[in-house]
Structure formats: C-alpha cells, structure tokens
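Just so it is clear, none of the values below were taken in a lab; they were calculated from the coordinates. All figures in this text were calculated on a predicted structure; none of them were measured in a lab. Here Cβ is always computed from backbone atoms with ideal geometry, including for glycine, and neighbour counts include all displayed protein chains.
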Amino acid sequence: MVSITPGFAQGCVAPAVPFLPFDPVDTRIYADILRADFETYFADANAYFHCLDQERNRAFFEAQRATEAYSRMLELLGE
C-alpha cells in the first residue's frame, strides 16, 4: 500500500526585506548596520531559493510516485 502525505515547502521561509529609513540622514548614520542587514538578506534569499528548488524536486518526485501508484491501481482494476 502506498501512502502519500500532503507536503509543503518545509523549512523554506522567505526572509523579510530589511527596513530602509526614509530620511537620507538616518540612512547615512546607520549605513553600516543597513549594509549588514541587506547582505544578510541577500544571503538568506539565496538559501531560500535553494530550499524552494529542493522542495520543488521533492514534490516532483512525489508526484511521479503518485502517478505510478495510480497507474498500478488502474491496472489492478482493469481500467
């Protein structure tokens, strides 16, 4: 018996876009912190895209297995 459980993008959490002050003076004052926040965001975004790619591959494989199981069921039923 084949059991297929519903899946979701497990562990794939989109990073929050960093806050950028509206005031240019604040941007200059906090430039080092903002720069670090954006660099972290871009690294996290890359990890997120990688996670989504892995999840897509997993889901595609699962769908193939489900299709094969369904085909076997139809054969068994003579359909």
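Some observations on this one:
- Axis angle, to the nearest 10 degrees, between helix 31-77 and the longest C-alpha principal axis of the chain: 10 degrees.
- Value of [θ]222 nm, deg cm²/dmol, for the chain, DSSP H segments ≥ 4, -39500 (n - 2.57) each, nearest 500: -24000 deg cm²/dmol
- Choice from Phe60, Phe19, Phe42 with maximal GNM fluctuation in the chain (Cα, 10 Å cutoff): Phe19
- Charges were assigned to the Cβ only: +1 to each Lys and Arg, -1 to each Asp and Glu. The resulting dipole of the chain about its Cα centre is roughly 180 debye.
- Label-to-label distance, Glu55 versus Ala31, with points set 7 angstrom from Cα along the beta-carbon direction: 3.7 nm.
- Label-point gap, in nm, between Cys12 and Glu39 - each point 7 angstrom along Cα→Cβ: 2.8 nm
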